[in-house]
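Okay, structure first, notes after.
The values are calculated or read from the model by the stated rules, or taken from the named source; none is laboratory data. In this text the structure is predicted, and so the values were computed from the model without any measurement. No Cβ is skipped: glycine too gets one built from the backbone with ideal geometry, and neighbour counts run over all protein chains shown. Surface accessibility is based on the protein's heavy atoms, side chains included, excluding ligands, DNA and RNA. Shrake-Rupley method; radii C 1.70, N 1.55, O 1.52, S 1.80 Å.
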Amino acid sequence: MSEHAFAEYVRTLGRGKRARRSLTREEARDAMQMILDGKAEEVQLGAFLMLLRVKEETPEELAGFLDACRALCDRTLAGFPAVQLDWPSYAGKKKHHPWYLLATILLADQGIRTLLHGGPAHTPNRVYTDELLPALGLKVASSVSEAGEHLDQQGLAYLPIEQFCGPLSYLLTLRYYLGLRSPINTLARSLNPARAPLSMQSVFHPAYISLHQGAAELCGDRDLLLFKGEGGELEIRPDARTSITGIRHGEALKGAVVDNVMPRHTPPGSPNAETLKQVWRGEVQDEYGENAVIQTVAVALWGLDRADSLEDAQTKATELWASRDRSRL
């Protein structure tokens, strides 16, 4: 009996300390293509992902995975309406309210068409974007065509990863069984499935920033803003100093910083959408939340060249927040 075709990729990663090595970009692409095509067995998937997790994936491996997955995204989103901003949302919220959602609404009201995408709930005691949006009167698409309609209706759309890169949806749920994140968590954030000119990505740990950036550079991405967001979501913490890195107009970005604008804040610990509505309407004041929205919007405005500097963007974001349509929610 001949060896299973996927076994060579597991073996490459799993040999002893001296013999094992990382996959080349081409090997990573071919391995991911087999996974997307359903040609890898369950036992191989678990071994493959955890060997990568222990070794730590390289930019070349992530770029290879992206090569395969973006080709699938291009097919499933063929003819999809143009969007300006790619907004991956895979982490969920545990401690703070999901202020990033108000940021996306404020941006949408300025004509900035945003595609949010996320995966199935995979970590207990977290609240995810697709659970929260309906409570804000916003729709979650059940198909690619429906997401296009939502863009026209809402100025933003949320598309589950199962609709455009289905196999990754299942792989994300393996965290429940394996007890650990896998390279799929990094991969999903990096997809930019609609090929938006600007992608913003958040990480749990700063060590992953160089991985995201390295893969993006290998793939020829030109505008990518990376930062450590609250709870892993795309949300600036106003009570912490946040470094913005990535790629800006094709060049590595260094030295961009959002300074903390308020003292350390104790999170409420029960994220919900009702508080967001109350703050948006002006019925409740929340210094942390309002500043989180303003600072997050500012980073997006700057990345989209809607402002000359981060400082200018913060001023504009503050004005947009003050003049928001309070009847929107």
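With every atom except the alpha carbons ignored, what do you get for Rg and Dmax of the range 213-329, in angstroms?
15.4, 47
I'd like to know which of L51, L136, G303 lies farthest towards the positive end of the charge dipole of the chain, counting +1 on Cβ of Lys and Arg and -1 on Cβ of Asp and Glu.
L51
Round to a whole number: what % of the accessible area of the range 245-317 belongs to carbon and sulfur, probe 1.4 Å?
C and S fraction of accessible area: 43 percent.
Just for the Cα atoms in the range 174-250, what are the lengths along the principal axes, largest first, rounded to whole Å?
If we take the Cα atoms of the range 174-250, the spans are 40, 32, 21 Å.
If you average the sequence gap of Cα pairs under 8 Å that are 6 or more apart and divide by the length of the range 108-266, what percent do you get for the contact order?
15
Could you tell me what fraction of 2.2 N^0.38 Å the Cα radius of gyration of the range 1-148 comes to, as a two-decimal ratio? Intermediate values should be presented prior to the final figure.
Values: Rg = 19.1 Å, N = 148, 2.2 N^0.38 = 14.7 Å.
Output field value: 1.30.
Taking the convex hull of the Cα atoms, report for the chain its projected area averaged over all directions, in nm². It would help to have the intermediate numbers written out before the result.
Values: hull surface 67.7 nm².
Its average projected convex-hull area is 16.9 nm².
Counting only residues 5 or more places away or on other chains, whose amide H sits under 5 Å from the amide H of G246 once H atoms are built in the peptide plane?
So G246 has HN proximity to L226, L253.
Percent of accessible area on the range 39-121 owned by carbon and sulfur, 1.4 Å probe?
Using a 1.4 Å probe with all protein chains present, the range 39-121 comes out at 53 percent carbon and sulfur.
Once phi is turned into ³J(HN,Hα) by the Karplus curve 6.51 cos²θ - 1.76 cosθ + 1.60 with θ = phi - 60°, what whole-Hz value does each residue of the range 138-147 show in order, with x for glycine and proline?
10, 8, 10, 6, 9, 7, 5, 5, 5, 4
Taking only the alpha carbons of the range 43-121, what extent do you get along each of the three principal axes, in Å, biggest first?
45, 38, 22
Can you give the relative contact order of the chain as a percent, counting alpha carbon pairs under 8 Å and 6+ residues apart?
Once normalised by length, the contact order is 19 percent.
Quick one: which residues, 5 or more positions from H117 or on another chain, have an amide H under 5 Å from its amide H? H modelled 1.01 Å from N in the peptide plane, none for Pro or chain starts.
Correct list: W87, S89, L159.
Given H placed 1.01 Å from N in the peptide plane, which residues other than close sequence neighbours of L198 have an amide H under 5 Å from its amide H?
Excluding prolines and chain starts, which carry no amide H, the hits are D86.
So if I take the centroid of the Cα atoms in the range 125-155 and the same for the range 74-94, what is the distance between those two points in Å?
11
What is the antiparallel percent of DSSP beta bridges lying wholly in the chain, to the nearest 5?
Close to 40 percent.
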